[in-house]
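Written below as structure tokens is the structure these notes are about.
The values are calculated or read from the model by the stated rules, or taken from the named source; none is laboratory data. Since we're looking at a predicted model, the values are computed, not measured. Because the Cβ atoms are built from the backbone with ideal geometry, glycine has one as well, and the counts that use them run over all protein chains shown. Side chains included, ligands, DNA and RNA excluded: accessible areas come from the protein's heavy atoms. Shrake-Rupley method; radii C 1.70, N 1.55, O 1.52, S 1.80 Å.
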Amino acid sequence: MARLLYLDNLRSFALLLGIIFHAAIVYASKIGYAIQNMQRLDSLSYFCFWIHSFRMPLFFLISGYFSALVWEKKGKNMYIEGRIFRIFIPMALGLLLLSPIQYFLMSLIKSPDLKLIVFLERFFTPQSFAHSHIWFLVDLLIFSILFILTPKKYLKNIATYIDRSLIPIGIVFVTFVWSLTLFSHAFFPRGDSFYGIDKLTFFYQLGFFISGLFIYYLNILSHFRDHITSIDILTWLCLGIFVFLIFYQLETSDPLWMPYFYGRILIRGLHLFVWCISPFVWAIFFHLLFKKYFNFTNVFTVYLIDSSLPIYLLHHPISLITAFYFRGLDIPVMTKFGLHTIIVISLSFFLYDTFIKNTIILRKLFGLK
């Protein structure tokens, strides 16, 4: 199988989209965040909920696909080595040095005289420890360990019983993720965590990671025709927008802070269903879009692919520090958002290009090859 260049580009896009998301969420209404501006806009709320409706599930879907591909093409040892250097080491760095920044800034807002050493002594305890934006690497590492421990013959045997036609397999994937999410939400409300791992989100994202594994084992991508038309892309875009509008209404009117059986069972079931189907709809849209227009490699795409993980690790604390100092500025919200985004992007890429990319130890710590 030839390398699917557009999937590499799509994976880096999914990560780097987080820069815009974490800047916009500071100024978005109807959505909670660690540090937010006093004045917020509904337009940015729509934007943030749209990204929230697909970005991380799309990332885990692609990660599951590449996990199976690397295991089958390059072998167990290469896969395990990649998990250590590309996930475990950056995760450890992020949890120790980057994630505490979020919670220290949040504590400073409440207690301006708080000393860093006092905060750190309290933070690194089972009761207070949290992952900030590093949560996705923690989850991905656990998913990878589960994949390593699972006999691959079982996955391949299961794949033989699944209809490989696109519509039936789509129904299977959505039903599987929805059932897993519904079952986990019967026990865990949103926010219920175990050593910083959100239980509901963990099982939700696990469903997409497993779906990504079976996309590889079922060879689903070969079922998409090579000739992709603008009508194909536009059709899935319209469907994605329709699903998103339903998702937005449910997400803003039906919080998931109580377990599934607490009440409003039908609405909650629909909410979870739309939460599960939305990433698949947008995954197909972006698959078609990137396969048609971004199935290539050049110096720029290679740079983005290499830099996406370090930039993602760096940008979040920079964005929070910017939000911390911007929240008191008396300037228009959209001006703040624009300046905020420029600062975060510029500083993140400056640090990457100046220090990380050119320093051996930093390259290893941030998961670069």
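Does VAL138 satisfy the condition of being open to solvent by less than 20 Å² (accessible area, probe 1.4 Å), hydrophobic (A, V, I, L, M, F, W, C), closer than 24 Å to LEU266 by Cα and under 20 Å from the mean Cα position of the chain (by Cα)?
It is false that VAL138 is open to solvent by less than 20 Å² (accessible area, probe 1.4 Å), hydrophobic (A, V, I, L, M, F, W, C), closer than 24 Å to LEU266 by Cα and under 20 Å from the mean Cα position of the chain (by Cα).
I'm told PHE183 meets every condition in (1) touching a residue at least 24 places away in the same chain (Cβ under 8 Å); (2) over 17 Å from GLY94 (Cα atoms); (3) within 22 Å of the chain's Cα centre (by Cα) except one. Can you identify the failing condition by its number?
(1)
Only one of PHE290, PHE261, PHE285, PHE294 is in contact with a helix residue (DSSP H, G or I) (Cβ under 8 Å, 6 or more places away or on another chain), more than 18 Å from ILE215 (Cα to Cα) and open to solvent by 10 Å² or more (accessible area, probe 1.4 Å); which?
From the options PHE290, PHE261, PHE285, PHE294, the qualifying one is PHE294.
Considering (1) surrounded by 14 or more Cβ atoms within 10 Å (Cβ to Cβ); (2) on the phi < 0 side of the Ramachandran plot; (3) in contact (Cβ under 8 Å) with a residue 24 or more places away in the chain, say which one SER132 fails and leave the rest.
(2)
Given (1) of a type outside the set (A, V, I, L, M); (2) touching a Ser or Thr at 6+ places or on another chain (Cβ under 6 Å); (3) buried (at least 17 other Cβ atoms within 10 Å of the Cβ), where does ARG122 come up short, assuming only one miss?
Here ARG122 meets the rest and fails (3).
Out of (1) out of contact with any strand residue (DSSP E or B) (no Cβ under 8 Å at 6 or more places or on another chain); (2) open to solvent by 40 Å² or more (accessible area, probe 1.4 Å); (3) under 30 Å from ILE20 (Cα atoms), what's the single condition that is false for PHE187?
Of (1) out of contact with any strand residue (DSSP E or B) (no Cβ under 8 Å at 6 or more places or on another chain); (2) open to solvent by 40 Å² or more (accessible area, probe 1.4 Å); (3) under 30 Å from ILE20 (Cα atoms), only one is false for PHE187: (3).
Looking only at the stretch 237-258, which residues are of a type outside the set (Val, Ile, Thr), over 14 Å from THR181 (Cα atoms) and open to solvent by less than 30 Å² (accessible area, probe 1.4 Å)?
GLY240, PHE244, PHE247, TYR248, LEU250, GLU251, ASP254
Taking the stretch 192-218, which residues are farther than 20 Å from TYR161 by Cα, hydrophobic (A, V, I, L, M, F, W, C), touching a residue at least 24 places away in the same chain (Cβ under 8 Å) and not in a helix (DSSP H, G or I)?
ILE197
Over 25 Å from HIS271 (Cα atoms) and in a helix (DSSP H, G or I): which single residue out of VAL174, VAL118 fits that description?
Just a single option satisfies the conditions, and that option is VAL118.
Among the residues of the stretch 116-125, is any under 27 Å from GLN36 (Cβ atoms) and touching a strand residue (DSSP E or B) at 6+ places or on another chain (Cβ under 9 Å)?
Scanning the stretch 116-125, I find no residue that is under 27 Å from GLN36 (Cβ atoms) and touching a strand residue (DSSP E or B) at 6+ places or on another chain (Cβ under 9 Å), so the answer is no.
Looking at the stretch 224-236 only, could you name the residues that are open to solvent by 40 Å² or more (accessible area, probe 1.4 Å) and part of a helix (DSSP H, G or I)?
SER230, ILE231, LEU234, THR235, TRP236
Restricting the stretch 322-369 to residues that are in contact (Cβ under 8 Å) with a residue 60 or more places away in the chain and open to solvent by 70 Å² or more (accessible area, probe 1.4 Å), which is farthest from LEU105 (Cα to Cα)?
LYS369
What's the number of the only condition in (1) at pLDDT below 95; (2) out of contact with any helix residue (DSSP H, G or I) (no Cβ under 7 Å at 6 or more places or on another chain) that ASP163 fails to meet?
For ASP163, the failing item is (2).
List pairs: first residue in the stretch 93-109 and more than 11 Å from HIS131 (Cβ to Cβ), second residue open to solvent by 50 Å² or more (accessible area, probe 1.4 Å) and not charged (D, E, K, R) anywhere in the structure, Cβ distance under 9 angstrom, at least six positions apart or on different chains.
LEU93/LEU365; LEU96/PHE124; ILE101/ILE321; PHE104/LEU116; PHE104/LEU120; LEU105/ILE321
If we keep just the residues of the stretch 297-321 that are over 15 Å from ALA14 (Cβ atoms) and polar (S, T, N, Q), which is surrounded by the fewest Cβ atoms within 10 Å (Cβ to Cβ)?
Of everything passing the filter in the stretch 297-321, ASN298 is surrounded by the fewest Cβ atoms within 10 Å (Cβ to Cβ).
Only one residue in LEU239, LEU250, LEU221, LEU266 is without any contact (Cβ under 8 Å) to a residue 24 or more places away in the chain and part of a helix (DSSP H, G or I), so which one is that?
So the residue among LEU239, LEU250, LEU221, LEU266 that is without any contact (Cβ under 8 Å) to a residue 24 or more places away in the chain and part of a helix (DSSP H, G or I) is LEU266.
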